[in-house]
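All of the numbers you see were taken from the coordinates with simple rules; none came from a lab. No experiment lies behind these values; they were computed from the predicted model shown. All Cβ positions, glycine included, derive from the backbone under ideal geometry; neighbour counts span all protein chains shown.
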Amino acid sequence: MQVKYFSKDLLVKANKAAIRTNRNRSLEPKFLTKLDEDNKYPIVWATPHNDVEMRVRLLLDAKSEAWLDIPFKTYDKLPVVTMPTH
């Protein structure tokens, strides 16, 4: 199974764009500065929203999640990781 994810850099850029374009879901920028540079932040749920963007739920750590609205183009360009199957 393939899972799309954000690096910290991609997440910061996508969040800045969400704030700049007044999307409904964005994150507090100062919170993102605390994230680990080396982690991958997987998207665990995604759906088209308002026919103009994707609404995604991503994991920040084992206990924290976040919601972000991003353009389809941004979503399509996100890297993927292949998860092992059992």
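With a Cα cut-off of under 20 Å and a minimum spacing of 8 residues unless on different chains, the lysine pairs in the chain number 29. For the chain, the residue among Phe31, Leu78, Gln2 whose Cα projects farthest onto the positive side of the dipole built from Cβ charges is Phe31. Computed from the C-beta positions of Ile19 and Lys73, the FRET efficiency with R₀ = 22 Å rounds to 0.80. Dipole size in debye (nearest 20) for the chain around its Cα centre, Lys and Arg Cβ +1, Asp and Glu Cβ -1? Here the chain has a charge dipole of around 180 debye.
If you take all other residues with their beta carbon under 10 Å from the beta carbon of Leu68, and give Lys and Arg +1 and Asp and Glu -1, the sum is +2.
With contacts taken as Cα pairs under 8 Å at a separation of at least 6 residues, region 24-65 carries a relative contact order of 31 percent.
Here the Karplus relation 6.51 cos²θ - 1.76 cosθ + 1.60, evaluated at θ = phi - 60°, turns the backbone of region 38-45 into coupling constants of 8, 7, 10, 10, x, 8, 9, 7 Hz, with x for every Gly and Pro. Using C-alpha pairs under 8 Å with a sequence gap of at least 6, the mean separation divided by the residue count of the chain gives a relative contact order of 37 percent. When shorter helices are ignored and each DSSP H run of at least 4 residues is given -39500 (n - 2.57), the per-residue value for the chain at 222 nm works out to -7000 deg cm²/dmol.
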